[in-house]
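Here the structure is laid out as structure tokens; the discussion comes afterwards.
The values are calculated or read from the model by the stated rules, or taken from the named source; none is laboratory data. Keep in mind it's a predicted model, so treat the numbers as computed, not measured. Quick reminder, even Gly has a Cβ in these numbers, built from the backbone with ideal geometry, and neighbours come from all protein chains shown. Surface areas here come from the heavy atoms of the whole protein model, side chains and all, with no ligands, DNA or RNA. Shrake-Rupley method; radii C 1.70, N 1.55, O 1.52, S 1.80 Å.
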Amino acid sequence: MSAEQTARGRILHGWGVTSPTSASIIGLDQLDSVATELKGDAPRGVIARGYGRSYGDPAQNAGGTVVDATAASGLVSVDLETGTVVARSGTSIDQLIRWLVPLGWFVPVTPGTRSVSVGGAIAADIHGKNHHRSGSWCRHVRSFRMMLADGSVLDVDRESNPDLFWATCGGLGLTGVILDATIHMKPIETSWLNVDTDRVSNLDELMSLMASSDRDYEYSVAWIDLVASGARMGRGILDRGRFATIEELGHRQRNRALEFHDHEVATLPPMPSGLVNPLTVRAFNEAWYRKTPKQRHGHLATISQFFHPLDLVRDWNRIYGPRGCIQWQCVVPMDSGDVIETVVRKLSSTHLSSFLAVLKLMGPGDGAYLSFPQEGWTLALDVPVGAGIHSVFDELDEAVVEAGGRLYLAKDARMRPELMPLMYPRLEEWREIRRGVDPEGRFQSDMSRRLGLS
Ligand SMILES: Cc1cc2nc3c(=O)[nH]c(=O)nc-3n(C[C@H](O)[C@H](O)[C@H](O)COP(=O)(O)OP(=O)(O)OC[C@H]3O[C@@H](n4cnc5c(N)ncnc54)[C@H](O)[C@@H]3O)c2cc1C
């Protein structure tokens with residue numbers, strides 16, 4: 001848990017480090033204490049927290065209680081015939097990969113970091129580079145056990161309790177504390193990815209290539225240079241791939257076909273503000289773009305290289321300095337690609353600097369009331385906190401809403417609450433289910449209060 005101890009509890013923040021607040025902590029290994037706290041009447045309530053990889057404030061609770069789910073990790077059972085695992089909610093995707101890849105099973109969906117818990121994956125209904133093929137995390141979850149607001153424990157599965165199941169998927173911990181979950185893993189023959197990489201010279205070309213070929217690949221993601229302007233605006237690098245077969249490996253790799261390779265190389269020390277600025281970002285983006293050959297098809301990459309390059313440097317968010325960063329991620333329908341162009345144009349023409357901008361195509365969403373994915377384009381970008389940032393994003397939020405899109409709550413730290421029902425039209429249905437299981441609003445977070453979710 002990324003936190004600092006104080007006399008009244010611990011200071012917690014999200015990955016963007018934008019709005020730290022203090023809360024009392026109870027480990028999820030002390031279930032009786034969690035139940036007692038829920039049955040009490042402390043006004044600021046309780047929220048669960050995984051590894052704090054949400055960028056904003058959904059896993060913190062100023063003046064209230066935070067349940068540290070990472071205190072309860074590990075596998076309850078594994079069926080290696082079917083790839084079905086029951087994992088405690090504090091188990092990380094990193095642990096699942098390390099334990100199960102050597103046995104021929106991979107997580108069905110992985111985000112851009114492995115430091116995400118099973119509980120956090122359900123509560124944000126996370127997506128990966130395969131959303132167009134495999135949907136989001138909760139499509140692969142059969143059931144979970146959760147502690148409700150009255151301290152009781154309930155088995156929730158998609159058939160017998162669909163309302164609570166789908167209100168909890170993407171429900172940001174506000175329906176209960178997930179204790180463990182039954183997840184279907186994905187079979188793999190090797191731990192290597194067979195990757196096609198293309199360097200593409202502008203946004204139009206990039207989006208056309210993605211629209212025409214993504215469906216041929218299991219995984220796809222594009223990095224965009226948000227500094228390039230003019231004819232090069234939106235230039236990028238498109239990586240698409242699938243797990244390699246054993247025949248596709250060289251002799252040496254075949255001997256360790258299912259080995260997991262971890263490449264963490266460094267830990268960043270605390271940094272001053274201002275390191276990420278237009279000058280450094282321009283230099284980084286130019287070098288990153290140029291280092292990639294125009295076309296490189298059929299090369300092999302490890303799981304870490306392909307899915308989690310950011311995990312190479314621990315605490316890399318320190319690069320933004322003490323003021324932190326805002327991550328902004330939108331999704332807009334397929335036929336609203338012009339909104340993506342508007343965003344890229346806006347960013348490339350302002351002083352806001354982003355070296356991390358990622359474009360993906362999503363497939364249809366699932367049945368979760370507050371789940372982020374919907375069919376269309378999703379663009380995610382990190383920007384250091386600085387002057388002018390809020391007015392730029394407020395303007396872009398409007399463009400997203402007008403197109404029928406939404407922002408990803410697991411990344412949000414700043415959006416205006418009045419946009420919630422416009423972005424999430426099933427919010428009222430979700431509130432009703434939540435009121436049914438938590439009539440007194442015991443589950444609360446800084447985000448739920450900021451956005452008026454309950
Ligand atoms: C570098 C980076 C890359 C990322 N890439 C992606 C990506 O590609 N796709 C994507 O979808 N997301 C991505 N994310 C976001 C991340 O996957 C989600 O924010 C995820 O929810 C974080 O999991 P966590 O364990 O850190 O949960 P936390 O951030 O601690 O909590 C997130 C939410 O889950 C709830 N929660 C946590 N545990 C439980 C529990 N046991 N019971 C009930 N509720 C619980 C919390 O209350 C909170 O609302 C990325 C984040 C980072 C930092």
Hey, Ser304 hits all of (1) more than 18 Å from Ser92 (Cβ to Cβ); (2) part of a helix (DSSP H, G or I); (3) not hydrophobic (A, V, I, L, M, F, W, C) but one; which does it fall short on? (1)
Might you let me know whether the range 104-126 holds any residue that is more than 26 Å from Leu356 (Cβ to Cβ), at pLDDT 95 or above and either open to solvent by less than 10 Å² (accessible area, probe 1.4 Å) or more than 16 Å from the chain's Cα centre (by Cα) (or both)? yes
Could you look through the range 45-74, keep only residues that are in contact (Cβ under 8 Å) with a residue 40 or more places away in the chain and surrounded by fewer than 17 Cβ atoms within 10 Å (Cβ to Cβ), and pick out the one that is nearest to Gly120 (Cα to Cα)? Ala71
Can you work out which of the residues in the range 401-422 that are under 18 Å from the mean Cα position of the chain (by Cα) and open to solvent by less than 20 Å² (accessible area, probe 1.4 Å) is farthest from Cys169 (Cα to Cα)? Met415
Go through (1) out of contact with any Asp or Glu (no Cβ under 7 Å at 6 or more places or on another chain); (2) surrounded by 20 or more Cβ atoms within 10 Å (Cβ to Cβ); (3) not in a strand (DSSP E or B); (4) not β-branched (Val, Ile, Thr) one by one and return the number of the condition Gly14 breaks. (1)
Restricting attention to the range 263-286, the residues that are open to solvent by 60 Å² or more (accessible area, probe 1.4 Å), assigned to a loop (DSSP other than H, G, I, E, B) and in contact with a strand residue (DSSP E or B) (Cβ under 9 Å, 6 or more places away or on another chain) number exactly 3
State whether the residues of the range 214-227 include one that is on the phi < 0 side of the Ramachandran plot, part of a helix (DSSP H, G or I) and open to solvent by less than 10 Å² (accessible area, probe 1.4 Å). yes
Just for helices (runs of 4 or more DSSP H) wholly inside the range 372-454: which have at least 3 residues that are acidic (Asp, Glu)? 389-402, 427-437
Residue tally, condition open to solvent by less than 10 Å² (accessible area, probe 1.4 Å) and either touching a Pro at 6+ places or on another chain (Cβ under 6 Å) or at pLDDT below 95 (or both), over the range 132-176: 1
From the option list Lys360, Lys346, single residue qualifying as under 18 Å from the mean Cα position of the chain (by Cα) and in contact (Cβ under 8 Å) with a residue 12 or more places away in the chain is Lys360
Kindly establish whether Ala69 is in contact with a Leu (Cβ under 7 Å, 6 or more places away or on another chain), under 14 Å from Ile178 (Cβ atoms) and within 6 Å of the ligand (Cβ to nearest atom). yes
Quick one: how many residues across the range 75-90 are open to solvent by 70 Å² or more (accessible area, probe 1.4 Å), assigned to a strand (DSSP E or B) and either more than 16 Å from the ligand (Cβ to nearest atom) or aromatic (Phe, Trp, Tyr) (or both)? 0
Please count how many residues of the range 326-354 are in contact with a helix residue (DSSP H, G or I) (Cβ under 7 Å, 6 or more places away or on another chain) and either part of a strand (DSSP E or B) or surrounded by fewer than 21 Cβ atoms within 10 Å (Cβ to Cβ) (or both). 10
The range 117-130 residues that are more than 19 Å from Thr182 (Cβ to Cβ), paired with ones that are near the ligand (Cβ under 6 Å from one of its atoms) (beta carbon under 7 Å, 6 or more apart): Gly128/Pro111
State the number of residues belonging to the range 205-231 that are in contact (Cβ under 8 Å) with a residue 60 or more places away in the chain and closer than 19 Å to Asn285 by Cβ. 11
